[in-house]
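Have a look at the structure below before the remarks.
The values are calculated or read from the model by the stated rules, or taken from the named source; none is laboratory data. Every value quoted in this text rests on a predicted model; they were computed, and no experiment measured them. Positions of Cβ are backbone-derived with ideal geometry, glycine not excepted, and every protein chain shown enters the neighbour counts. Quick note on the areas: whole protein, heavy atoms, side chains included, nothing else; ligands and nucleic acids left out. Shrake-Rupley method; radii C 1.70, N 1.55, O 1.52, S 1.80 Å.
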Amino acid sequence: MTTPEPVPAAVTWTAHGDYEDIRYEHSGDGIAKITICRPEVRNAFRPQTLMEVSDALVDAREDGSVGVIVLTGEGPDAFCSGGDQNVRGDTGYLTDPGRQGSVGRFHVTDLQVQIRRLPKPVVAMVAGYAIGGGHILHLVCDLTIAADNARFGQVGPRVGSFDGGFGAGLLADLVGPKKAKEIWFLCRQYTADEARQMGLVNTVVPLADLEAETVAWCREMLAMSPFALRLMKASFNAAEDGISGIQQLAHDANLLFYATDEAKEGREAYKQKRRPEFEKFPRRP
Ligand code: S0N
């Protein structure tokens, strides 16, 4: 029996970008961290919050020095409590609640898909409440590391809303249809240990160790082949998301195909206005 390695110390984060509702930081060794900073409303998101998270995710995706992304909430009380009910209009969430005729929508729809499609692992680091749309944000992340004070649940039917997309399908895949219906129909809250037992989270650690443990998991993934992680994420999505999941996996395969002499022959022949000599490539069994 070997002694487990000590949990490495958390990192000194360097700020990136200029945002109002979030903090976007890099570890310097491949981890990007996005923190929803609205603790006065238990990190509920307004449209601006989601647009800022989306912008930071684009940066983390495009930045070749980043291999893993952590999504979290400010403080020990909440990961995220879902849509900010103060800017909930009659047709969704309002970007400009003061303006007459302002039309709302669910900005979180695009963000959920963006996290699923992002070809790098996204880890939810959850302290306190992950409730409503905040619960679904952790669901769409690839892994969830929870503090022992975390509490999980849906509230839609209690507050006159529901998310029947990933909030229903992905949840049912994770915990089973009966349990998923219980979560939605009764709107109970579940402890971190209950969430771990039902497969909602990967591990539960003391609150004081949450960031160090999350960073340790990220560093383990950073030691892996990035393209293998990308293809595995796309493969899980392909099984779960149907044609749009297959699209990601197929385009990832095309990235690899582009690098072959066979694909390059097609490109060069086109540019040289000649017939491509595909006969020189094997017809693989
Ligand atoms: C999170 C809870 C359980 C925390 O309880 P606690 O610790 O007792 O704190 P409170 O005193 O309740 O809260 C502290 C302050 O924070 C405010 N606040 C908390 N959550 C929100 C919120 N979501 N919006 C606005 N304000 C919030 C409190 O009001 C309080 O303020 P003060 O100090 O001024 O009194 C507890 O707070 C709780 O249950 N919160 C509400 C949870 C909720 O209703 N969330 C919204 C659920 N809906 C969504 O998330 C929408 C998702 C969505 O966008 C969507 C997308 C696609 C399809 C469908 C949907 C859909 O509509 O569902």
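Before moving on, here are some points about what is shown:
- For the range 112-165 versus the range 201-274, the gap between their alpha-carbon centres in whole angstrom: 22
- 265, 74, reordered so the largest accessible area comes first (probe 1.4 Å): 74, 265
- For the listed peptides 272-285, 82-95, 216-229, a ranking on the average number of other beta carbons within 10 Å per residue, highest first, reads 82-95, 216-229, 272-285.
- Once backbone amide H atoms are built at 1.01 Å from N, residue 19 has no partners under 5 Å, excluding neighbours fewer than 5 places away on the same chain.
- Accessible surface of the chain, 1.4 Å probe: 55 percent of it comes from carbon and sulfur atoms.
- Only lysine pairs 8 or more places apart, or on different chains, with alpha-carbon atoms under 24 angstrom apart are counted in the chain, and they number 6.
- Cβ-placed point charges (K, R +1; D, E -1), dipole of the range 94-188 about Cα centre in debye, nearest 20: 140
- Protection proxy ranking, peptides 249-257, 139-147, average beta carbon neighbours within 10 Å, highest first: 139-147, 249-257
- Under the convention that each Lys and Arg Cβ holds +1 and each Asp and Glu Cβ holds -1, the size of the dipole of the chain around its Cα centre is about 1080 debye.
- Of the residues 72, 109, 214, the one that moves most in a GNM of the chain with alpha-carbon contacts below 10 Å is 109.
- Each of residue 178 and residue 251 was given a label point 7 Å from its Cα along the Cα-to-Cβ line. The distance between the two points is 4.0 nm.
- Percentage, to the nearest whole number, of Cα pairs in the range 202-285 over 22 Å apart: 56
- Phi-based couplings in Hz for the range 96-103 (Karplus 6.51, -1.76, 1.60; Gly and Pro marked x): 9, x, x, 8, 5, x, 4, 10
- Here the Kirkwood formula puts the hydrodynamic radius of the chain at 20.5 Å, using every distinct Cα pair.
- Normalised by the number of residues in the range 48-172, the mean separation of alpha-carbon contacts (under 8 Å, six or more apart) gives a relative contact order of 25 percent.
- Solvent exposure of the range 14-222 as accessible area per residue, Å², 1.4 Å probe: 43
- Here is how the number arises for the chain: DSSP H runs of 4 or more residues each give -39500 (n - 2.57), the sum is divided by the residue count, and the result at 222 nm is -13000 deg cm²/dmol.
- Computed on the range 226-274, with alpha-carbon pairs under 8 angstrom and 6+ residues apart, the relative contact order is 21 percent.
- Near the amide H of residue 89, within less than 5 Å, lie the amide hydrogens of 94, all on another chain or at least 5 residues away, with H placed in the peptide plane.
- Rel. contact order, % - alpha carbon contacts under 8 angstrom, at least six apart, the chain: 14
- Cut-off 13 Å between beta-carbons: net charge of the residues surrounding residue 171, Lys and Arg +1, Asp and Glu -1: -1
- Scattering from the range 226-274 was approximated by placing one identical point on each alpha carbon and applying the Debye formula without solvent; log10 I(q)/I(0) at 0.14, 0.30 1/Å stands at -0.45, -0.99.
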